Every structure is written in C-alpha cells, then in structure tokens.
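> Below is a structure I'd like to ask you about.
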C-alpha cells in the first residue's frame with residue numbers, strides 16, 4: 001500500500017504530508033509545512049505551537065489570508081551534514097514538493 005495522496009490546486013495528485021509546522025527566520029519570521037494544507041488549520045497550528053494561543057489571536061483572519069501554496073526543492077550544501085536551503089521549484093519537477101507557507 002502506497003503513501004496517501006492529495007490533489008493540488010492544479011488538480012494533480014501528489015503525496016500527502018502531515019501538518020508539521022517548521023519555523024525559520026530570514027529577513028523576518030516565517031512558517032511552512034510540506035504539503036498543501038487548509039489555511040485555517042495551518043495558522044491555528046502555528047498559533048498553538050509557537051505562540052501559545054489559538055483562533056483568538058487578534059490577527060488570525062489576516063494571517064489566514066496571507067497563507068500561500070508553493071513548490072520548493074531542497075538544495076544541500078556541498079559540505080554535507082544535512083545543511084542546505086529551500087528554493088522555489090517548478091511544480092512536479094524532479095525533487096520538487098508542495099508546501100504551505102506564510103511570511104511574517
């Protein structure tokens with residue numbers, strides 16, 4: 001039995017990913033999770049995991065409106081060790097995966 005699948009906004013099938021919030025800081029904070037997730041659930045998970053609150057956050061609705069679905073690819077550093085960076089990718093291209101993201 002294979003990995004569960006989900007349909008992207010373009011109507012194509014991709015592997016489904018669990019909602020696991022990752023944080024980063026690069027000229028401002030941001031959060032992401034592999035896979036396409038509903039904006040409401042994504043923002044609620046951020047607020048619960050990182051800010052200790054839920055839907056009652058004063059800017060909750062504004063944040064939901066800023067959630068985006070993109071495609072990324074991981075580019076490892078030439079030095080190894082698991083370090084690298086994520087870059088924008090062409091949808092469904094080799095190594096690309098869907099992400100849900102918000103830039104703060």
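Throughout, read-outs are computed from the coordinates displayed, never taken from laboratory work. Predicted model only: the values in this text are computed from it and were never measured. All Cβ positions, even for glycine, are placed from backbone atoms using ideal geometry, and neighbour counts span all protein chains on display.
> Could you give the nm distance between label points at residue 73 and residue 104, where each point is 7 Å from its Cα heading toward the beta carbon?
Roughly 3.0 nm, to one decimal.
> Hey, what angle do you get for helix 39-50 against the long axis of the chain, alpha-carbon based, 0 to 90 degrees rounded to 10?
In the chain, helix 39-50 runs at an angle near 80 degrees to the longest axis.
> Over the alpha-carbon set of the chain, divide Rg by the Kirkwood Rh and report the Rg/Rh ratio to two decimals.
0.99
> Right, something else. For the chain, calculate the relative contact order in percent as a whole number, restricting contacts to Cα pairs under 8 Å that are 6 or more residues apart.
Relative contact order comes out at 26 percent.
> Still on this structure, I have one more. Can you compute the modelled spin-label distance between residue 86 and residue 48, with each label point 7 Å from Cα toward Cβ, in nm?
Here the modelled spin labels are 2.0 nm apart.
> Can you check what the Kirkwood hydrodynamic radius comes to for region 50-93, Cα pairs only, in Å to one decimal?
After inverting the mean inverse Cα-Cα distance, the result is 13.7 Å.
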